[in-house]
Amino acid sequence: MQTKIVSIEQGLDEAVELIKSGDIVVFPTETVYGLGANAFDGDAVRKIFEAKGRPMDNPLIAHIADISWIDRLAIDVSDEAKAVIKAFMPGPITVILKRSKAVPDEVTAGLDTVGIRFPIHTVARQFIMACGVPIAAPSANTSTKISPTRAEHVFEDMQGRVPLILQGGACEVGIESTIVDMTAEVPTILRPGAITQELLANVLGKVKNFDGKIIVAKAPGMKYKHYAPSCEMVVATSPKSAVDEYVRQKANGLNPVVLATSRYLKDLGKGDINVIDLGANDEDAMRNIYGAMHEAQDKYDYIICQDFGNEGLGASIMNRINKASGGKRI
Ligand code: TXA
Ligand code: MG
């Protein structure tokens, strides 16, 4: 199979045709690129799992192009859920609701709930609206690889496995959507993201946050190792320990790199150190982190990353970094 990257202007008709004929298409969103199929067509959805090499017990998110589509996918939507939807959709959030019978088991992995997301990215919205059906999609990477934030990342990883990639440039948010389970007694964050626990608490009064210590994973995806670069990665607890580790690994014969914000990199002092600048602040770092991991694994063979703490966006960035590093700190 030939894989091509096309603009929405050039590729929309073909993309819609592919979806209607039960095939898969890659499309950009503000978080990461998605690998989509008609959410009402179980056979089409199976092709996503095949192309990704993803275990079938990991459910997919259904992407919509209008709030009214929620009624095609979910039932018993509570007032609290409606408040979250009103506050944050379209945007980088996924709400877990009770599924309707129209949603096939391939999407939900047999759960009685469904994840719903309304992306704000104009290409995503145009594409999904033109398809006229919700689009089931995971991130457009092969299983266990880093999520793609550029069309070129998808091409590198999935070339030959998917016919069409819609070009949407670099993803603005850069990490996957916040997932909030609105069917839990207390709304529960299953995956932190750009919509922070503080923002959700403002709307809901209270929300159970993601503390990493949940033993029985409600999002089955949590039990798989995700977002891992192909080389080893560690978190440095201070600029000094980053430099110490750098020197140590260099002496081991490796070619390390430090991933951090501009300010942190300044604190490393002078000297001949490989660095990738994540930008000025947490928002920049969130947008750039996956791209930096892609670049780092291509050019270097040991990644040392800044600690972003456990509050606000920092907590969301650290969630991805901890998965990539297996929680290893130095
Ligand atoms: O930003 C995003 O959410 C991106 C873009 C493409 O929209 N999508 C994405 O999909 O990250 P994926 O499949 O890589 O991650 C979806 C996560 C998985 O961990 C899955 O287990 C969880 O959502 N999930 C999906 N449906 C669920 C459900 N009904 N209950 C609990 N977790 C669910
Ligand atoms: Mg993923």
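The values are calculated or read from the model by the stated rules, or taken from the named source; none is laboratory data. Just so we're clear, the structure is a prediction, and the values are computed from it rather than from any experiment. Neighbour counts run over all protein chains shown; Cβ positions are idealised from the backbone, glycine included. Calculation scope for accessible area: heavy atoms of the full protein, side chains included, ligands and nucleic acids excluded. Shrake-Rupley method; radii C 1.70, N 1.55, O 1.52, S 1.80 Å.
Going by the conditions given, is E106 in the same structural domain as A37 (by TED's automatic domain parsing), modelled with pLDDT of 95 or more and within 25 Å of A228 (Cβ to Cβ)? No: the conditions fail for E106. Against the numbered list (1) in contact with a strand residue (DSSP E or B) (Cβ under 8 Å, 6 or more places away or on another chain); (2) at pLDDT 90 or above; (3) not β-branched (V, I, T), K218 comes up short only at (2).
For region 78-114, a tally of residues being free of Cβ contacts under 8 Å to residues at least 40 places away in the same chain and either within 9 Å of ligand 1 (Cβ to nearest atom) or under 19 Å from L200 (Cβ atoms) (or both) returns 8.
Would you check which residues across region 255-308 are in a helix (DSSP H, G or I) and either outside the structural domain of I321 (by TED's automatic domain parsing) or surrounded by fewer than 17 Cβ atoms within 10 Å (Cβ to Cβ) (or both) and list them? Within region 255-308, S262, R263, K266, D267, E283, D284, E295, D298, K299 meet the criteria. Among the residues of region 57-95 satisfying the criterion of being within 16 Å of ligand 2 (Cβ to nearest atom) and of a type in the set (V, I, T), which is farthest from G110 (Cα to Cα)? The qualifying residue farthest from G110 (Cα to Cα) is I93. Restricting attention to region 153-207 and to residues that are more than 16 Å from the chain's Cα centre (by Cα) and of a type in the set (D, E, K, R), the residue that is least open to solvent (accessible area, probe 1.4 Å) turns out to be D181.
Are any of the residues in region 148-161 farther than 21 Å from A39 by Cα, outside any loop (DSSP other than H, G, I, E, B) and touching a Gly at 6+ places or on another chain (Cβ under 9 Å)? Yes.
Each row is one residue, and each column tells you yes or no for (1) among the hydroxyl-bearing types (S, T, Y); (2) open to solvent by 10 Å² or more (accessible area, probe 1.4 Å); (3) under 28 Å from H294 (Cβ atoms); (4) in contact with a Lys or Arg (Cβ under 8 Å, 6 or more places away or on another chain).
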{"site": "G42", "(1), (2), (3), (4)": "no, yes, no, no"}
{"site": "A74", "(1), (2), (3), (4)": "no, no, no, yes"}
{"site": "E80", "(1), (2), (3), (4)": "no, yes, no, no"}
{"site": "S100", "(1), (2), (3), (4)": "yes, yes, no, yes"}
{"site": "P104", "(1), (2), (3), (4)": "no, yes, no, no"}
{"site": "T113", "(1), (2), (3), (4)": "yes, yes, no, yes"}
{"site": "A136", "(1), (2), (3), (4)": "no, no, yes, no"}
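The residue that is least open to solvent (accessible area, probe 1.4 Å), among those in region 44-54 that are near ligand 1 (Cβ under 10 Å from one of its atoms) and under 18 Å from G110 (Cα atoms), is I48.
Return yes when I189 is without any contact (Cβ under 8 Å) to a residue 40 or more places away in the chain, within 13 Å of ligand 1 (Cβ to nearest atom) and not assigned by TED's automatic domain parsing to the domain that holds M286 and no when it is not. The answer is yes for I189.
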